[in-house]
């Protein structure tokens with residue numbers, strides 16, 4: 001009888017959350033219970049910190065009130081994380097999520113990315129995108145402008161020649 005009662009409680013939409021005590025929790029329930037970062041991700045982050053030679057003591061962390069979307073919860077709690085790496089002077093302000101724990105994790109990950117770029121000397125994808133936009137917006141020299149206009153004119157002449165061929169064929 002208890003087994004039948006248990007099955008009926010587990011069926012339906014609400015059944016996912018009305019489990020008997022001792023049931024194995026699903027990944028979804030684990031997330032809602034912890035509302036934080038998984039142990040695997042924390043271990044990866046700490047491994048990366050060791051690899052880069054960054055210690056937890058090197059960070060100065062402050063929590064400030066976030067702004068923007070998120071409603072009353074964001075306005076009442078200090079969930080925005082401001083993280084400074086003291087040896088390099090790099091700082092990150094993270095308010096991606098409404099949870100302070102998730103923002104702490106994201107801030108550390110972003111800061112480690114920046115430290116890694118500095119130490120390994122790799123140009124970031126973002127930096128390359130910024131440079132590309134800067135080149136595109138840069139004013140062209142007079143010679144370059146003339147070249148572009150010349151090419152446009154040549155292209156328009158090609159198109160004009162195509163349309164004239166079709167007009168001659170219609171009149172024949």
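Looking for something in contact (Cβ under 8 Å) with a residue 24 or more places away in the chain, touching a strand residue (DSSP E or B) at 6+ places or on another chain (Cβ under 7 Å) and in a helix (DSSP H, G or I) - is there at least one such residue anywhere in segment 57-64?
Among the residues of segment 57-64, at least one is in contact (Cβ under 8 Å) with a residue 24 or more places away in the chain, touching a strand residue (DSSP E or B) at 6+ places or on another chain (Cβ under 7 Å) and in a helix (DSSP H, G or I), which makes the answer yes.
Go over the candidates 12, 22, 68 one by one and state the one that is part of a loop (DSSP other than H, G, I, E, B), at pLDDT 65 or above and surrounded by fewer than 16 Cβ atoms within 10 Å (Cβ to Cβ).
Checking each option against the conditions leaves just 68.
Give the residue that is farthest from the chain's Cα centre (by Cα), with candidates limited to residues of segment 73-104 that are part of a loop (DSSP other than H, G, I, E, B) and closer than 21 Å to residue 42 by Cβ.
79
The values are calculated or read from the model by the stated rules, or taken from the named source; none is laboratory data. Small disclaimer: the values here were computed from a predicted structure and weren't measured. Virtual Cβ from ideal backbone geometry, glycine too; neighbours counted across all protein chains shown.
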